[in-house]
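Take a look at the structure set out below.
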Amino acid sequence: MTQSREPIGVIGTGYVGLVTAAGFAALGSEVFCVDVDEAKIAQLQRGEVPIYEPGLAELIASNGERLHFATTLDDAVAHSRLLFVSVGTPPTYSGDADLSAVHDVVDAMPRSGDHVLVMKSTVPCGTGRSIKRVLAEQGNGALAYVSCPEFLKEGSAIEDFMRPDRVVIGDDGDPAGDAVAALYEPLEAPVLRTDVASAEMIKLAANAFLATKISFINEIANVCEETGANVLDVAEGVGLDARIGPKFLQAGVGYGGSCFTKDVSALKLLAANSGYHFQLLGAVIEVNELQKRRVVAKLQRELGALAGKRIAVLGLAFKPNTDDMRGASSLVLAARLEAEGALVRAYDPVATDEARKIMPELDYATSALDVVTEADAVVLITEWPEFLSLSWQAVAEAMHGTLVIDGRNALDPEVVRAAGLTYQGIGRG
């Protein structure tokens with residue numbers, strides 16, 4: 001690619017913002033990144049990447065000459081017409097998306113008909129309409145607005161950016177949407193052009209549907225435990241149906257992360273605020289929360305009262321290949337175990353520092369064998385490759401007890417049992 005591509009601004013340097021910035025820089029655009037977090041910007045200016053995402057540090061390093069970092073909008077506004085917004089929209093106590101950071105960006109926009117506000121942040125359906133109304137009230141109605149939701153999965157975000165399933169662009173049918181579409185042309189991905197509200201709904205609906213698949217297969221897994229069926233075989237058989245497909249049919253201790261947890265709740269609340277009771281999503285959320293707690297019941301069934309029992313937790317991040325702790329199942333499990341009086345020790349190869357910020361009182365181990373030493377039971381929560389290649393004979397020798405609960409159905413039961421340990425998965429008959 002050449003540097004003749006259109007320069008862009010990226011406001012917000014979290015997972016979405018940094019991957020978007022690095023991806024467009026790799027395609028040849030000059031990218032002007034903005035964040036109010038001075039410490040984070042200082043890190044990035046030193047070439048340090050503040051988040052863990054496979055391949056991101058290397059991509060930023062190899063395209064550093066096209067990446068610029070600042071705490072103000074000045075350079076982004078001066079050098080780029082397209083301003084991508086990728087700030088956080090976390091849930092509030094009511095379940096609504098917190099749009100305060102989005103509104104801060106809107107208020108800081110230049111009074112210009114030459115710029116385009118491109119919304120990457122996940123926002124409720126109707127946000128674009130509201131923002132355009134606010135811009136008009138501020139005398140900035142000439143500023144164009146485009147919705148371009150992200151579909152990046154943590155742990156594979158670079159691949160998702162470079163080889164997307166689709167690019168969704170919601171606009172008013174004006175040149176602003178054409179300019180955004182042109183940026184993505186080198187990726188040769190299907191492009192869906194629609195109105196702003198539909199683009200906003202596509203993101204929420206996609207995540208809600210995937211979360212529904214997870215909760216559904218977890219319900220099936222629970223029934224399998226009662227009937228003796230094996231959920232792995234059931235999921236394979238169901239997934240071979242071309243109408244359903246195999247993805248997101250992996251039973252376990254429930255989904256986590258920022259996207260599913262937030263977006264499912266946000267869509268349910270959006271429906272309620274619009275006068276519609278979205279019953280299905282209520283069940284999806286309930287099943288997911290109960291699934292995390294079923295592990296405690298499994299432990300109690302095998303160990304009796306958990307007070308004083310040593311429980312080793314393998315994995316803290318909500319999924320492998322990320323240090324993200326938002327919505328992680330480990331948070332619920334650790335809290336419930338400690339409430340039962342258990343002595344919880346945990347280990348994660350990447351997410352320990354992030355976990356300490358949320359659970360500073362938790363006992364953290366320095367390795368997988370360290371965490372299982374003298375444990376009465378081991379619970380696998382995050383299926384890091386390091387855990388899948390463990391010597392279970394060494395684990396058995398280090399443990400005090402024998403119980404291993406595979407919360408992701410990621411281990412080979414026969415290998416675990418051959419070491420003299422008691423294996424329990426999720427829905428494996």
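The values are calculated or read from the model by the stated rules, or taken from the named source; none is laboratory data. Computed from a prediction, not measured in an experiment: that's the story for all the values here. When we count neighbours, we look across all protein chains shown, and the Cβ atoms used for this are built from the backbone with ideal geometry, even at glycine.
When only residues in the range 218-249 that are buried (at least 21 other Cβ atoms within 10 Å of the Cβ) and in contact (Cβ under 8 Å) with a residue 40 or more places away in the chain count, which is nearest to V332 (Cα to Cα)?
Here the answer is N218.
Quick one: would you say G128 is under 30 Å from A272 (Cβ atoms), at pLDDT below 95 and outside the structural domain of R326 (by TED's automatic domain parsing)?
no
Tell me, yes or no, whether the range 209-218 has at least one residue that is of a type in the set (S, T, Y), under 25 Å from the mean Cα position of the chain (by Cα) and in a loop (DSSP other than H, G, I, E, B).
No; the residues of the range 209-218 include none that is of a type in the set (S, T, Y), under 25 Å from the mean Cα position of the chain (by Cα) and in a loop (DSSP other than H, G, I, E, B).
When you scan the range 176-186, do you find a residue that is in contact with a helix residue (DSSP H, G or I) (Cβ under 6 Å, 6 or more places away or on another chain) and buried (at least 18 other Cβ atoms within 10 Å of the Cβ), even just one?
no
Of A144, A199, which residue is touching an Asp or Glu at 6+ places or on another chain (Cβ under 7 Å), closer than 28 Å to R111 by Cα, modelled with pLDDT of 95 or more and crowded, with 21+ Cβ neighbours inside 10 Å?
A144 is the lone residue from the list that is touching an Asp or Glu at 6+ places or on another chain (Cβ under 7 Å), closer than 28 Å to R111 by Cα, modelled with pLDDT of 95 or more and crowded, with 21+ Cβ neighbours inside 10 Å.
If we scan the range 161-174, do we find a residue that is assigned to a helix (DSSP H, G or I), surrounded by 14 or more Cβ atoms within 10 Å (Cβ to Cβ) and at negative phi?
Within the range 161-174, one or more residues are assigned to a helix (DSSP H, G or I), surrounded by 14 or more Cβ atoms within 10 Å (Cβ to Cβ) and at negative phi.
Looking at the range 264-292 only, could you name the residues that are among the charged types (D, E, K, R) and surrounded by 15 or more Cβ atoms within 10 Å (Cβ to Cβ)?
K268, K292
Just give me the residues in the range 336-350 being among the hydrophobic types (A, V, I, L, M, F, W, C), under 20 Å from D324 (Cβ atoms) and touching a strand residue (DSSP E or B) at 6+ places or on another chain (Cβ under 8 Å), in sequence order.
Selection gives A346 alone.
For the range 280-331, enumerate the residues that are among the charged types (D, E, K, R) and either over 26 Å from the mean Cα position of the chain (by Cα) or assigned to a loop (DSSP other than H, G, I, E, B) (or both).
Listed by number, the residues that qualify are K298, R301, E302, K309, R310, K319, D323, D324, R326.
Within the group A396, A418, which residue is surrounded by fewer than 21 Cβ atoms within 10 Å (Cβ to Cβ) and out of contact with any Gly (no Cβ under 8 Å at 6 or more places or on another chain)?
Testing whether each residue is surrounded by fewer than 21 Cβ atoms within 10 Å (Cβ to Cβ) and out of contact with any Gly (no Cβ under 8 Å at 6 or more places or on another chain) leaves just A418.
Being over 30 Å from T89 (Cα atoms) and either at pLDDT 95 or above or acidic (D, E) (or both) narrows it down to one residue among D353, D348, D323, D370; which is it?
Step by step, each of D353, D348, D323, D370 is checked, and only D370 is over 30 Å from T89 (Cα atoms) and either at pLDDT 95 or above or acidic (D, E) (or both).
Of all helices (runs of 4 or more DSSP H) completely enclosed by the range 336-429, which ones contain at least 1 residues that are under 29 Å from the mean Cα position of the chain (by Cα)?
352-358, 368-372, 385-388, 413-418
Quick check on this structure: which one of V106, V34 is touching a Leu at 6+ places or on another chain (Cβ under 6 Å), not polar (S, T, N, Q) and not assigned by TED's automatic domain parsing to the domain that holds G256?
Matching residue, one of V106, V34: V34.
Could you check the range 304-325 and list, in sequence order, the residues that are within 16 Å of D363 (Cα to Cα) and in contact with a helix residue (DSSP H, G or I) (Cβ under 7 Å, 6 or more places away or on another chain)?
Those that are within 16 Å of D363 (Cα to Cα) and in contact with a helix residue (DSSP H, G or I) (Cβ under 7 Å, 6 or more places away or on another chain): K309, I311, A312, V313, L314, G315, L316.
Mind counting the residues in the range 24-39 that are assigned to a helix (DSSP H, G or I) and out of contact with any strand residue (DSSP E or B) (no Cβ under 9 Å at 6 or more places or on another chain)?
3
Yes or no: A157 over 20 Å from R81 (Cα atoms) and surrounded by 21 or more Cβ atoms within 10 Å (Cβ to Cβ)?
Here the answer is yes, as A157 does meet what is asked.
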